[in-house]
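No value in this document is a laboratory result; all are computed from the given coordinates. It should be emphasised that the depicted structure is a prediction, and the values quoted were computed from it without experimental measurement. Every residue, glycine as well, gets a Cβ built from its backbone with ideal geometry; the counts of neighbours run over all protein chains shown.
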């Protein structure tokens, strides 16, 4: 592009080039427009003025960015002997403030979340070599509270898998049985916490990606209420489903991390309400559930393996000892939950993560410009490197858009209001709802000779109970209910929106009972 004299009298690089008449002709044909003689020339003239004016000014002005407050060096890619279960993409050592709630605690950050100066791959070769220039808000909050960040934990390819084999650096292995899936997409965070590499970690959740690996590794993973924790500086999948949340070996640590990372982010994240209040979750954990009513969602047990059902039912009954009343409740809409989520997250992922190059459109707040630039190039030049689940997202999203527009996305969002109301009605009668986190124990990782349908089922077949709460936004936590054949089984606890404290209280009560 040629340099031009800017509005301040200095020569500056041209921000965008005016399309030629042949390019406009091609665009008109693609859009089905009928342009009269001379019309394209006038449109071209107007576009040239706009690009040289408004677009050039936007390009030249200095945009606000996120703060980077603590010194660090880039770190290193760990060798296999320094990387249990392939849990880590990158290791580093970033010291936070000398005092704070997290003083002495160590953390892993899921590799979909920006840590300035530390490479970020998001599990995909199309992002390999990218180094963020910002700290995500939750990273700054962890460091401000005295935490120490030890690296970026492996995640699935573009985070679009509930298993743990699509990462382009290789599968993350289950610490209980290395032939099995850790779960995804936050599998590295779960494995690093279970292995004791870190005290706590951050995960992301759009279809269950905190709760799936937490369940299969036997740790605690909490998907907060949508909007409670700012998503600023993390790579989104679908704005209405995006969540970041804590993962830890016990409920108290999970509550402590949530206490630090939750809260309003000065308007940078439109997912958040302005009047957010964050209680001191750790001070509310007393192990008592006197007078509580807990509903076991019958539809959440249907379709789960028999050992999963029995372990979770037996675990839920233990809560009676803490003072709770436990009984079955039917929420028929739950049966349709994953179907309602599917157009929202599949088409939404295509529009936000692919067409919107990792940012999407139509929300007020902070946009990760460097991520958008990297992904724009990646999708154009390296699309052949995409994983099979991501190929499905691209093909499916493009087909639906081309043939049906956003009709199904819109209907699913409308039905999501009905689904949300169904859970809200149940939660008006019960303090929390309980069901198995996942329908089965950690499966074997797919072999090289597995068919594509088998691999896709392995990647996406476990979402029946987790995904609905990503689209409705209710807080949902998993913790280990017990084991079968040596493998952990998760119990999921769901609460009213922004009543994350109750979810944590119920989980803490169960945890304390296991110690007696």
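By the gyration tensor of its Cα atoms, with a ≥ b ≥ c the square roots of the eigenvalues, what is the shape of segment 406-490: rounded for a/c under 1.5, prolate for a/b over b/c, or oblate? Intermediate values should be presented prior to the final figure.
On the way: a/c = 4.26, a/b = 1.31, b/c = 3.26.
Verdict is oblate for segment 406-490.
Exposure proxy ranking for 510, 396, 107, 130, based on other Cβ atoms within 10 angstrom of each Cβ and starting from the fewest, stands as 396, 130, 510, 107.
So what is Rg over Rh here for segment 1-128, counting just Cα atoms and using Kirkwood for Rh?
1.21
Spatial offset of segment 175-250 relative to segment 350-405 amounts to 23 Å, using the alpha carbon center of each. Angle of helix 251-261 to the longest C-alpha principal axis of the chain, folded into 0 to 90 degrees and rounded to 10: 30°.
For the chain, the mean residue ellipticity at 222 nm estimated from helices alone is -10000 deg cm²/dmol, where every DSSP H run of n ≥ 4 contributes -39500 (n - 2.57) and the total is divided by all residues, rounded to the nearest 500. Suppose the Debye formula is applied to equal point scatterers at every Cα of segment 439-488; what is log10 I(q)/I(0) at q = 0.13, 0.22 Å⁻¹? For segment 439-488 at q = 0.13, 0.22 Å⁻¹, log10 I(q)/I(0) is -0.45, -0.96.
Based on C-alpha pairs under 8 angstrom that are at least 6 apart in sequence, segment 341-408 has a relative contact order of 39 percent. If you take the Cα centroid of segment 412-458 and the Cα centroid of segment 47-63, the two points sit 46 Å apart. Kindly identify segment 96-253 as rounded, prolate or oblate by the Cα gyration tensor criterion: order the square roots of the eigenvalues as a ≥ b ≥ c, call it rounded if a/c is under 1.5, otherwise compare a/b with b/c, prolate if a/b is larger, else oblate. In terms of gyration-tensor shape, rounded.
Taking a ≥ b ≥ c as the square roots of the eigenvalues of the Cα gyration tensor, segment 54-140 is oblate, since a/c reaches 1.5 or more and a/b is not larger than b/c.
Give me the Kirkwood hydrodynamic radius of segment 299-394, using the inverse of the mean 1/r over all pairs of distinct Cα atoms, in Å to one decimal. Kirkwood hydrodynamic radius for segment 299-394: 17.4 Å.
The ranking of 342, 270 from fewest to most other beta carbons within 10 Å of each one's beta carbon is 270, 342. Taking the longest Cα principal axis of the chain as reference, the axis of helix 369-381 is set at about 80 degrees.
By the count of neighbouring beta-carbon atoms within 10 Å, fewest first, 398, 515, 441 end up ordered 515, 398, 441. With Rh defined as the Kirkwood radius, the inverse of the mean 1/r over Cα pairs, the Rg/Rh of segment 341-408 is 0.98.
Specify the angular offset, from 0 to 90 degrees and rounded to the nearest 10, of the alpha carbon long axis of helix 21-31 from the longest principal axis of the alpha carbons in the chain. The helix 21-31 is inclined about 40 degrees to the chain.
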